[in-house]
Each structure stands twice: as structure tokens, then as C-alpha cells.
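This report refers to the structure that appears directly beneath it.
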Amino acid sequence: YYDPYTAFENYNKIIVPETLQIDIDKFLKDHDYSRAGIKDTIYGKILEMAKKNNTEAAYEKAELVCNGCYYKSGIKTLKEKAAFDECKGKASIESYNYFLNKYGRSEYGGEIKLLLDSKYFEKAVNENTISSMNNFINICPKSAWTDRAVEIRDSLALPSESLTYIKVKKYVENYPKSKYSAGFMKEEPNLLYNE
């Protein structure tokens, strides 16, 4: 069993005295090796292992040992993609928030933001209360589902019993942008007169 991390650790423990460097380099060259080549081979195996696992944690571990390694520039992209895949697999508000906090500027950020908004809307609809809709509207004011949430909230807030001037006035004050507010405002004088 070959563990590239152990190999990397052991390689870094090797101290080559200056008096032996030329002899060691010659010996390695005679066998088609070099110290830099051995280190690159170990880095290659570390990257191979990370790709095999294909998780954010595996790429993070590979990134930690990378000090001037050849894969430094590409590992960030691989780690982001793995985190994106893991996040979509979990499909939870927590995983989407984690991704956006850690990789907010990622090319996948927009897609995750849409998925997060969708999850928040789904949660609000499942609760189906004025409060849950208001929370969604406050959390996701620019979401594709905000207008729908406003409609649901406004319909939930409609007075259910017979309309009175006070109920209508209170509704219009609380929900001035509701599609029902304009009609209620026209009814206010009649309701007041009738009362």
C-alpha cells in the first residue's frame, strides 16, 4: 500500500549533507531519477488520490501539502467543483449557505443562490403563514419567487370575516403594495359610510 502523504512526509525528513549532494544526484541520474522528479512524482500521486476521492476535503488536504507543486493552480478549481457537487447532493439550506460563504465568487455561485432561494421559498410555502412569507421576502428580496411570496402573504393576510373599515384600513397600512390594497382603498369610504 502506497500512501503519498506518508511518502511526502518521509521525503521532507530526508536531510542531504552538502558533501553528498553531488554523489546522490549522480546516483539518481544514473537511474533516471532526480530529487525534484521524486518530489513531483509524490505530488502527482497526492493529486491522483484527491481526484479519486473527488471531495472538497480530499482536495483541501492536497492543497495543504502543496508548496510550489505543479498542480497548485488547478486544485482550487477542482476543490470548488467538488464542493459544488457535494452541496447539490445535500440539497439543504445549510449546505447552500456554506458554499456561498466559502465560494461566493465561484462560477457556481449563481446556481447555488437560485437553489438556496428555492429552498427558502419551499420552506415558507410549507409553513404557509404570513410570518414565513415575510421572512422569505426579507431574506430573498430579489428572488424570482419574491413576487409569488408577496401574493401568498397578501392573500393570507386578507380579512376572512366580513369587512369592516378598521380591518380594511389596517390591511392597507400593513400591506400598501398588495394587489388588493388599491381595491380596498376604494371601498374604505363606503365601509365607513355604512358603519
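The values are calculated or read from the model by the stated rules, or taken from the named source; none is laboratory data. Everything numeric in this text was worked out from a predicted model, so none of it was measured. A quick note on method: Cβ atoms are made from the backbone with ideal geometry, for glycine too, and the neighbour counts reach across all protein chains shown. To get the accessible areas, we keep the full protein, side chains included, count just its heavy atoms, and leave off ligands, DNA and RNA. Shrake-Rupley method; radii C 1.70, N 1.55, O 1.52, S 1.80 Å.
Among all residue pairs at least 6 apart or on different chains, which show Cβ distances below 7 Å where the first residue, located in the range 172-195, is over 24 Å from Glu151 (Cβ atoms) and the second is surrounded by 11 or more Cβ atoms within 10 Å (Cβ to Cβ) and not basic (Lys, Arg)?
Final answer for the pair search is Leu192/Tyr165; Glu195/Thr164; Glu195/Tyr165.
Return the residues of the range 109-125 that are under 9 Å from the mean Cα position of the chain (by Cα) and open to solvent by less than 40 Å² (accessible area, probe 1.4 Å); say none if nothing qualifies.
Once the filter is applied, which keeps residues that are under 9 Å from the mean Cα position of the chain (by Cα) and open to solvent by less than 40 Å² (accessible area, probe 1.4 Å), the range 109-125 yields Gly109, Ile112, Leu116.
Run Pro17 past the list (1) open to solvent by less than 80 Å² (accessible area, probe 1.4 Å); (2) closer than 30 Å to Lys123 by Cα and report the number of the one that doesn't hold.
(2) is the only condition that Pro17 fails.
Does any residue of the range 70-81 turn out to be surrounded by 13 or more Cβ atoms within 10 Å (Cβ to Cβ), more than 30 Å from Ala50 (Cβ to Cβ), modelled with pLDDT under 95 and among the β-branched types (Val, Ile, Thr)?
Scanning the range 70-81 turns up no residue that is surrounded by 13 or more Cβ atoms within 10 Å (Cβ to Cβ), more than 30 Å from Ala50 (Cβ to Cβ), modelled with pLDDT under 95 and among the β-branched types (Val, Ile, Thr).
So, in the range 66-83, of the ones that are in contact (Cβ under 8 Å) with a residue 12 or more places away in the chain and in a helix (DSSP H, G or I), which residue ends up nearest to the chain's Cα centre (by Cα)?
Ala83
Kindly indicate whether Pro189 is open to solvent by 60 Å² or more (accessible area, probe 1.4 Å), of a type outside the set (Lys, Arg) and not in a helix (DSSP H, G or I).
The answer is no for Pro189.
Which condition number in (1) over 30 Å from Ser131 (Cα atoms); (2) of a type outside the set (Ser, Thr, Tyr); (3) open to solvent by less than 30 Å² (accessible area, probe 1.4 Å); (4) part of a helix (DSSP H, G or I) is the one that Glu63 fails?
(3)
How many residues, within the range 25-39, are part of a helix (DSSP H, G or I) and either touching a Leu at 6+ places or on another chain (Cβ under 6 Å) or loosely packed, with under 14 Cβ neighbours inside 10 Å (or both)?
Total meeting the criteria: 6.
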